[in-house]
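Bear in mind these aren't lab numbers, they're just calculated from the coordinates by the rules spelled out. No experiment lies behind these values; they were computed from the predicted model shown. No Cβ is skipped: glycine too gets one built from the backbone with ideal geometry, and neighbour counts run over all protein chains shown.
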Amino acid sequence: MDVTNEAGDVPEALRLPSAAELLATTRHDRTPAGSADAEPDPNLLPCGRDPEAVLEHAAAGGSDEHERSCPECQALLRDHSVLDQVTREWAELPVPVPDDLGVRVMRLVRAELHTGRLLPLGEPDEQLTLTESAAARTLRAAVDAEPGVQARSCRIRPYENRAGAAVPGPVTVRLSVGVPYGEPIHALADRLRERVRRAASERLGLEVAKVDVDVVGLESAAGDREANR
Amino acid sequence: MRQPATRISREMSILARTTAGSAALTVPGVVDLQPGLLDAVAQVSGGLIQRRVPGVTTRVLDGILHVDVQFRAAADHRVLDVAREVRAAVTAEVRRQTGQQRVVVHILVTDAGV
C-alpha cells in the first residue's frame with residue numbers, strides 16, 4: 001500500500017507524529033522543575049527544561065548556554081533529528097503502517113523521559129555519560145553491604161555549570177536508608193559516606209562532593225528478629 | 001526548526017553503525033549494546049526501520065559524523081575506563097572503515113552491573 005498521495009504528501013490519517021508532537025502530548029502543565037530532592041516532573045527533562053521549549057529554541061537558532069551544553073537537552077535534540085529523518089523516510093515507504101503505531105511510540109517516548117539524569121563522566125569534551133539509575137544501583141548495593149542497613153532511595157545530582165547544565169565534576173548524592181536499631185547513627189552515616197565515595201570512585205569513576213544521608217527507618221537487629229521468632 | 005542531519009549514503013550509515021557496534025563489543029567490560037528509543041521504535045514498527053544496529057545511532061551534523069553508542073558495563077570493570085576504551089575503539093574503527101576523519105563518538109552507559 002502506498003501511504004503517499006499524488007502530491008507526494010502523507011495523508012493526515014497516516015502521518016506519523018514528529019518527536020516534538022509526541023513530546024508535546026505528554027505534557028499537561030508547565031510547572032517549574034523542583035529541587036533535586038523532589039520527585040521529578042515527568043513532563044520535563046531530568047534537567048528541568050521543557051522539551052518542547054528546547055526544540056523550539058533550537059528550531060529558531062536561539063538555544064541558550066544551558067541547552068547548548070546540557071547532555072539531556074543535547075540528547076533530546078539528537079533523538080529529534082534522528083527521528084525526524086526516519087519519519088521522513090517512513091513517509092516514502094510503500095508499506096502499511098500499524099494502526100496503533102503512534103500510541104506505541106508515545107509509550108516509548110514517555111518511558112524515555114523517566115530514565116533519570118545523565119551523569120557526565122571523565123573530562124569535558126570526552127562525551128561520556130552514565131545514567132543516574134545505573135549509578136544509583138551501584139551506590140545502593142554498596143550501602144546495602146553495610147550490615148543491617150537498607151538503602152531505600154538514592155538520588156544523584158550531577159555537577160552543573162553556571163548555566164545549570166550537567167558537566168563532568170563531583171556529584172552530590174542523597175541517600176535514604178533504614179538503619180539497625182541501637183546503632184550510633186553518626187558513626188554509621190560516616191561509614192555509609194565512605195562506602196559511597198569508594199564505590200563511586202572505584203566502580204564508576206565518579207568523584208563525590210557530598211553525601212547526604214536521611215535515616216527514614218529503624219530496623220530491628222538481625223539477632224532481635226531471630227529471638228522474636 | 002533545526003535542520004535535519006545532513007544525509008550520508010545509506011551504505012555509509014550502515015557501515016558506520018555495524019563497525020561501531022562490532023568495535024564496542026570487542027572491549028572487555030562491555031556486556032552488550034543497549035537498545036535506545038529509536039531501536040524500540042524500530043521494534044514496535046513492525047520492521048519499518050531496517051538494518052538497525054541496536055544501541056548504535058549515527059547522524060551527520062555540520063560535516064561531522066556523530067556516532068552514539070549505548071551499552072551495559074560489567075560489574076567487574078570500572079565504568080569510566082570501559083567508556084573511554086569503547087570511545088577510542090569505536091572512533092578508530094569507524095575512521096578506518098568509513099574513511100571519515102571527522103568522527104565524534106558519544107557514549108552512554110545504561111547499566112554498571114551490580
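Could you tell me the distance between the Cα centroids of region B:51-114 and region A:164-211, to the nearest Å?
Going from one Cα centre to the other spans 29 Å.
Scan around A:Ser220 for amide H atoms under 5 Å from its own, H built in the peptide plane at 1.01 Å from N, and keep only partners 5 or more places away or cross-chain.
Close amide H contacts, sequence-distant or interchain: A:Tyr181.
Let me confirm one metric for peptide A:157-164, namely the mean number of other chain beta-carbon atoms within 10 Å of its residues' beta-carbons.
0
Report ³J(HN,Hα) in whole Hz for each residue of region A:75-87, in order, from the Karplus equation J = 6.51 cos²θ - 1.76 cosθ + 1.60 where θ = phi - 60°; Gly and Pro get x.
5, 4, 5, 5, 4, 5, 5, 5, 5, 4, 5, 5, 5
Counting Lys +1, Arg +1, Asp -1, Glu -1, what net charge surrounds B:Gly113 among other residues with beta carbon under 9 Å of its beta carbon?
After counting each charged neighbour, the total is +1.
When a/c reaches 1.5 or more, the comparison of a/b and b/c decides; with that in mind, is region A:119-187 rounded, prolate or oblate per its Cα gyration tensor?
Prolate shape, in that a/c is at least 1.5 and a/b is the bigger ratio.
Please report the net charge: other residues with Cβ closer than 15 Å to the Cβ of A:Ala187, K and R +1, D and E -1.
Once positives and negatives cancel, what remains is -1.
Can you sort A:Glu146, A:Glu89 so the residue with the fewest Cβ neighbours within 10 Å comes first?
Numbers: A:Glu146 18, A:Glu89 13.
Final ranking by Cβ density, sparse to dense: A:Glu89, A:Glu146.
To the nearest whole number, what is the average tally of beta carbon atoms from other chains within 10 Å of the beta carbons of peptide B:100-109?
Rounded to a whole number, the mean comes out at 4.
Provide a whole-number value for the mean count of partner chain Cβ atoms within 10 Å of the Cβ atoms in peptide A:121-130. Numbers along the way, then the final one.
Details: counts 6, 6, 1, 0, 1, 7, 10, 12, 7, 10.
Counting other chains' Cβ atoms within 10 Å and averaging over A:121-130 gives 6.
Can you work out D for region A:167-211 in µm² s⁻¹ from Stokes-Einstein, where Rh is the Kirkwood radius over C-alpha pairs, the temperature is 25 °C and the viscosity is 0.890 mPa s? Kindly include the intermediate steps, with their values, before the conclusion.
On the way: Rh = 11.5 Å.
Diffusion coefficient, whole number: 214 µm²/s.
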